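What follows is one structure encoded as structure tokens, with my remarks underneath.
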Amino acid sequence: KSMNSHCLSLIERTAQHLLRPKRKFVRTKSRFHLLDWMACVASGKQSHMGRIRGAVANFGATDEAICDRAVWLGNVMELDDVHRQALLHPGPVVWPAALSVLGPNGSDELDDVLDAGINGYEAMIRIGATWDAQHYRYWHNTSTAGHFGTAAAAATMLGADQDQMVSA
């Protein structure tokens, strides 16, 4: 398989782009996006709906349930980030994906988490920006493009190479 940039698909070009080194100022901006998402989770947790959902989710809570609750809480107050061109909200799906791979199988370094967030945002926005208003008319772009963002974030945390990133 040739890596000639003229023959690469959108997914292959995106994977190639995601694997480039990250600049310090981009990581700094990524910290603010992570902090923003964490504030949205905290705000959502304190909301009426967040308290109800939290009480229900505490029965037999698993790591999956806790991650699911974080995704939900990240956008319950409608304060989450938005990318206007792609018409989506990356934070509520990208950050939980990156953070869910902390530990023995993935990295536990903050720079790696920030890089995973950057890659998740980039993948999600690049894919979401290719769709037009007709797509948004029927589907929420956060849901449909979110899969690309979560895959890129988790794959980054797991140290994926280019072929693995394309597969993800």
Seminar exercise, completed: Rounded to one decimal in nm, the spacing of the 7 Å Cα→Cβ label points at Val26 and His147 is 2.6
Seminar exercise, completed: So for R0 = 30 Å, FRET eff. of Met38-Gln85 from the Cβ-Cβ r, to 0.05, ends up at 0.75
Exercise. If amide H atoms are built 1.01 Å from N in the plane of the peptide, which residues on other chains or at least 5 residues away come under 5 Å of the amide H of Leu88?
Worked result: His83
Exercise. How far apart, in nm, are the 7 Å Cα→Cβ label points at His140 and Gln164?
Worked result: 3.1
For this session: Beta carbons within 10 angstrom, averaged per residue: use that to sort the peptides 114-125, 152-163, 15-26, highest first.
Result: 114-125, 152-163, 15-26
Problem set entry | For Lys22, distant residues with modelled amide H under 5 Å away | none
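Every read-out reported here was derived from the displayed coordinates using simple, explicitly stated rules and does not represent laboratory data. Note that the structure is a prediction, hence the values are computed from the model and not measured. No Cβ is skipped: glycine too gets one built from the backbone with ideal geometry, and neighbour counts run over all protein chains shown.
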